[in-house]
Amino acid sequence: MQRLLILGATSPIARSLAMRFATEGASLFLAARDLAEVERLASDITVRTGARAVSGVFDAAEFYFHATFFEKAVAELGGLDGMIVCFGTLGDETAAQVDPEKALAILNQNFTGAVSLITLAARHLEQQKSGFIIAIGSVAGERGRPKNYVYGSAKAALATFLQGLRGRMARAGVHVMTVKLGTVDTRMTWGRESPLTVAPEAAADSIYGAWKRGAEVVFVPWFWQPIMGIIKLIPESIFRRVNI
Ligand SMILES: NC(=O)c1ccc[n+]([C@@H]2O[C@H](COP(=O)([O-])OP(=O)(O)OC[C@H]3O[C@@H](n4cnc5c(N)ncnc54)[C@H](OP(=O)(O)O)[C@@H]3O)[C@@H](O)[C@H]2O)c1
């Protein structure tokens with residue numbers, strides 16, 4: 001039986017992942033900022049699957065609270081076998097590009113907050129010599145774009161952090177998987193129409209399948225890998241002139 005901590009549990013992608021793990025008998029600690037919503041989600045999962053699901057709150061940017069929060073989650077679960085990092089925000093990119101405080105808030109919610117919590121989980125799993133970490137990154141981190149380079153740089157930094165961590169954790173038998181996610185229909189992308197958008201349930205299916213087969217880095221959906229491969233090849237002088 002897996003004991004899992006899911007951060008950013010109220011994301012519809014995280015909800016679907018939680019259901020999949022719960023259906024296989026995992027015990028869950030579900031956390032986000034919205035207590036009422038995580039409590040509702042935990043009850044719903046327990047009713048539908050019979051799995052044990054408890055809930056708690058954390059804020060990615062409240063670093064001083066992370067160690068206490070993490071210890072409480074592990075104690076409530078009675079140990080830890082895996083952590084899924086699904087929190088993140090686009091923030092106000094336009095404002096962040098001219099306001100350092102808003103830029104740093106986006107970095108904290110997508111990168112430094114994740115570094116803090118992943119480091120706590122990695123230390124625990126390394127000592128135990130087993131377990132896994134799944135972290136949701138973004139194809140936005142593959143190339144800096146005028147439209148979203150603050151958010152994109154946070155996801156790029158997260159991918160590099162996870163790459164190094166994966167190498168270190170492999171020696172302890174801990175699996176670290178990076179998800180490079182394309183556009184998914186969630187509140188983050190509300191109102192944006194794109195033929196490349198997929199449903200959160202489909203994204204969760206792909207993430208779950210990739211984790212099961214032991215993938216280290218996965219593009220979700222798969223077609224983002226060739227798309228970003230091509231986009232990365234475009235010379236900067238040309239890329240600057242196209243409004244992608
Ligand atoms: N949707 C997309 O197209 C897309 C594409 C690429 C990558 N992603 C990534 O996928 C992940 C899930 O996003 P989503 O699309 O499902 O968006 P979402 O529905 O807005 O979910 C975001 C989650 O992050 C939590 N969260 C936000 N700020 C937080 C903070 N400061 N501290 C703690 N929790 C916080 C939210 O919960 P509370 O508000 O209750 O705290 C929620 O659970 C994110 O990492 C996002 O960057 C999404």
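Throughout, read-outs are computed from the coordinates displayed, never taken from laboratory work. From a predicted model like this one, the values you see are computed outputs, not experimental measurements. Methodologically, a virtual Cβ is constructed for each residue, glycine included, from the backbone with ideal geometry; neighbour enumeration extends over all protein chains shown.
Amide H of Val184 versus every other amide H placed in the peptide plane: which residues, excluding those fewer than 5 positions away on the same chain, fall under 5 Å?
Excluding prolines and chain starts, which carry no amide H, the hits are Val198.
Kindly list the residues of the stretch 116-154 that lie in the label zone of Ala172, defined by a backbone N under 17 Å from the point 7 Å along the Cα-to-C-beta vector.
Within reach of a label on Ala172, which here means backbone N under 17 Å from a point 7 Å along Cα→Cβ, the stretch 116-154 contributes 116-135.
Which pairs break 21 Å Cα to Cα here: Lys147/Lys180; Lys102/Lys155; Lys155/Lys212?
Lys155/Lys212, as the Cα separations exceed 21 Å there.
Compute the angle between helix 12-23 and the longest alpha-carbon principal axis of the chain, please, reported from 0 to 90 degrees and rounded to the nearest 10.
Once rounded, one gets 30 degrees.
Semi-axes of the equivalent ellipsoid of the chain: what are they in whole Å, largest first, if each equals the square root of 5 times a C-alpha gyration tensor eigenvalue?
In descending order the semi-axes read 29, 19, 19 Å.
Between helix 149-170 and the chain, what is the angle of the helix's C-alpha long axis to the longest principal axis, kept within 0 to 90° and rounded to the nearest 10?
On a 0 to 90 degree scale, this one is about 50.
For an R0 of 22 angstrom, estimate the FRET efficiency from the Cβ-Cβ distance between Tyr64 and Ala95 and round to the nearest 0.05.
With a Förster radius of 22 Å, E is 0.30.
Given a cut-off of under 8 Å on Cα pairs at least six residues apart, what relative contact order in percent is computed for the chain?
17
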